[in-house]
Amino acid sequence: MKEFLPKRIWQWFERTRVGRSIFRVGLPQSNLERAQAMVSSFLLHMQPAKVNRHSLRASYSFGLGLISLYLFLILTFTGVLLMFYYVPSTDHAYNVMKDLQFVVSAGLIMRNMHRWAAHLMVIFVLLHMCRVFYTGAYKRPREFNWVLGVGLFLLTLGLSFTGYLLPWDQLAYWAITVGTNIAAYAPYIGPELKYVMLGGNAVGQEALIRFYALHVIVLPAIAGFLIAVHIWRVRKDGGLSRPDEAGDTVQQVELSQLPTSKTYGLMELARGTTPQVGRNPEDEVFAWPHLIFRELLLFLLVVAAVLFLAVFWNAPLEELANPVHPPNPAKAPWYFLGLQELVSYSAFWGGVVVPGVLVLALVLLPYLDHNRKGVGRWFARDRVVANTIFTVCLVIAIVLTIIGTLFRGPNWSWQEPWKKPPAVTESH
Ligand code: HEM
């Protein structure tokens, strides 16, 4: 069979001196080379040389963690391009948005991609967290990776929230005003917390520069680092969770029992995982090409989906921020609207106690749940209590968010979306 031209060019390039200096292994032809391709490449070495067939099943993980990662990469790429133009000043920020829309080549598409990828990341990180919960994948030995995940979830919200202010339009200004007011309900430190976030008592230039620094440097750097540790831990914790490692069927080998390199094969060491009794080599396939090509395909799909959204839908941009003309109602970003709804009943309980308890419960979950059964299967019957509690909390959060988003009108009064009155703007 005739080989494809790109493959022939690639093979020629690999044989040149320059090619050999870059790719030490070349396109793998044998099993040994397939393993070497993974172990010797900077980008690929975070992943094991072999993976379990179960973890390759799309219906198990739905690739939700990977999609979150790809969205983060898209956000970093488009964010850096936007930084070439953006000026974190209340006098210029809004004009830059207009320039991106009408003057800068591909500026609109970059802004759209950045905005839609940010919303998608909040959604997909949440979905990924639900997948991990419903498959019991947070249990031993993955407790700490779950805790890292909770940190990543909060960071994702923080990244989105700090980015919200940057366009400096009415939507941005009032969403951040409402969001930071919710933070001010925290007992003792609330008002100080709001002051530190805003650099004053109201959203202004100081707040813009703080949010900018957090959004482009501090939070992405922490998130990038935590994502790297998180994915590295996936590998060190034995790859993705599987049904055959549930507590009732398999024993985890304790660290003190870890074999030395003499008794432990070179491939096992390269794999760098905690060995588990019950692991069946028959169930494992080479990461190259089985995993790598799936990852590449998913990456292309995510980029295509974000591009599609960006081409057909523009990111919103309202009028220039006006501190004396609040919209009525002024709403927080959509992912905080459930919180805002709760705050409308009780500032202290809704704004502090409920979110505080929920975050604490999420962090402690893997250490409180002693049930070792039901790992690696969706909605396992052995986990019916945990699944029910989680589902009830999730449904309440979704219902509150929908109410806050669609059913709240002027002065936070109940309003059916299909009978929406014209927007009211109050001047003070
Ligand atoms: C920026 C956010 C995140 C990124 C980029 C990310 C990335 C990933 C990736 C790539 C995987 C491997 C497989 C997969 O696609 O599922 C994974 C697994 C995992 N993630 Fe995340 N994740 C994030 C947030 C979270 C959150 C919010 C949690 C939970 C609170 C979490 C907990 C876990 C756990 C426990 C695993 C191992 C799952 C298993 O073994 O089945 N991650 N993550």
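Points worth noting:
- Signed unit charges on C-beta, dipole axis of the chain, positive-most listed residue Ala310, Leu81, Ile227: Ile227
- Förster radius 41 Å - calculated FRET efficiency between Val229 and Val324 (Cβ-Cβ, nearest 0.05): 0.35
- Label-to-label distance for Leu296 and Leu193 is 4.7 nm, based on points extended 7 Å past Cα in the beta-carbon direction.
- Cα pair distances in segment 154-203, grouped into 10 Å bins until the bin that holds the longest one, percent each: 27, 56, 17, 0
- Given Lys194/Lys331; Lys7/Lys236; Lys331/Lys419, the pairs whose alpha carbons are separated by over 27 Å: Lys7/Lys236
- Calculated on the alpha-carbon coordinates, the convex hull of segment 294-428 measures out at 203 cubic angstrom per residue.
- Each residue of segment 48-57 was assigned a 3J(HN,Hα) from its phi angle through the Karplus curve 6.51 cos²θ - 1.76 cosθ + 1.60 (θ = phi - 60°); the sequence is x, 6, 10, 10, 6, 4, 4, 6, 7, 5 Hz, with glycine and proline shown as x.
- The chain: calculated mean residue ellipticity at 222 nm from DSSP helix runs of at least 4, using -39500 (n - 2.57): -18000 deg cm²/dmol
- Computed over segment 329-397, the ratio Rg/Rh where both radii use C-alpha atoms and Rh is Kirkwood: 1.09
- Calculated on the alpha-carbon coordinates, the convex hull of segment 1-96 measures out at 219 cubic angstrom per residue.
- Reported to the nearest whole Å, the Cα centre-to-centre distance from segment 167-223 to segment 109-160 is 22.
- Crossing angle, helix 64-83 versus the chain [Cα axis fit, 0-90 degrees, rounded to tens]: 60
- Note on Phe13 and Ile217: the extension gain reaches 69.6 nm, defined as 0.36 nm multiplied by sequence separation minus the Cα-Cα distance.
- Longest DSSP-loop-exposure-free segment, trypsin sites (Lys or Arg not before Pro), the chain, at most 15 other Cβ within 10 Å: 58-261
- Among the GluC sites (Glu not before Pro) found in segment 1-100, those both in a DSSP coil and sparsely packed, with 14 or fewer other Cβ atoms within 10 Å of their Cβ, are Glu3.
- Convex hull per residue volume in Å³, alpha carbons only, for the chain: 199
Every read-out reported here was derived from the displayed coordinates using simple, explicitly stated rules and does not represent laboratory data. Since this is a predicted model, take the numbers as computed values, not measurements. Every residue, glycine as well, gets a Cβ built from its backbone with ideal geometry; the counts of neighbours run over all protein chains shown.
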